[in-house]
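Down below is the structure, laid out as structure tokens.
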Amino acid sequence: MRSRTGATPGAGWIRDDAGNAIVEFLAVTVLLLIPILYLVLLLGRLQAATFAADGAAAEAGRAYAQASTPDLGSARAVAAVAIALRDQGFDDVEPATSLVLDCSSVPCLQPGSDVSATVQFSVQLPFVPSFVRSVVPLEVPVRGDSVAAVDQFRGH
């Protein structure tokens, strides 16, 4: 039996691999590179959220501890949280609801007391399809805590 080229079977048939490299590249891209890229983007977003929460808590505590009245301190703390969150691209987070302030003394802002600030919000996972929503949580909670000291020698 002869093939189309006139050679007998098994006598040096050359297998044509043209086009296989493209198919293999596409398979590797879809199976490996796209999930890795998603993971890198997600981890970058979570890291930015962590920086935002920690920075916002530190600045809120500092702003509150340096204020002359608790009301002024609360307003400054919320403004500091808003700036820190906006700086990292979290414009959709409400600063007033994500901030919790607590004083170590009553009334607040007594010389030598401490002010603790906690900023907590959730980071939405991007591009999660609806059929995965029942298995994978759609948001990751992020929290930042800080304690600021009220100046012991402050004047009232």
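Any read-out appearing in this document is the output of simple, stated calculations on the displayed coordinates, not a laboratory observation. Everything numeric here is computed off the predicted structure, so don't read it as measured data. Here the Cβ is made from the backbone with ideal geometry for all residues, glycine too, and neighbour counts use every protein chain on show.
For region 120-144, a tally of residues being among the β-branched types (Val, Ile, Thr), more than 10 Å from the chain's Cα centre (by Cα) and within 14 Å of residue 41 (Cα to Cα) returns 1. Using the structure shown, decide if residue 147 is of a type in the set (A, V, I, L, M, F, W, C), in contact with a strand residue (DSSP E or B) (Cβ under 6 Å, 6 or more places away or on another chain) and over 30 Å from residue 37 (Cβ atoms). Criteria met by residue 147. Of all residues in region 65-87, those that are at negative phi have Cβ atoms under 6 Å from Cβ atoms of residues that are surrounded by fewer than 16 Cβ atoms within 10 Å (Cβ to Cβ), 6 or more apart or on another chain, in 78/96. You will find that of 109, 46, the residue that is on the phi > 0 side of the Ramachandran plot and out of contact with any Gly (no Cβ under 6 Å at 6 or more places or on another chain) is 109 and no other.
Close Cβ contacts (under 8 Å, 6 or more residues apart or on different chains) running from residues in region 105-131 that are more than 18 Å from residue 78 (Cα to Cα) to residues that are of a type in the set (Lys, Arg) comprise 111/154; 123/45; 126/45.
Being more than 24 Å from residue 37 (Cα to Cα) and among the aromatic types (Phe, Trp, Tyr): is that true of residue 121 here? Yes.
Of all the residues in region 48-85, those that are in contact with a helix residue (DSSP H, G or I) (Cβ under 6 Å, 6 or more places away or on another chain) and either small (Gly, Ala, Ser) or within 14 Å of residue 143 (Cβ to Cβ) (or both) number 13.
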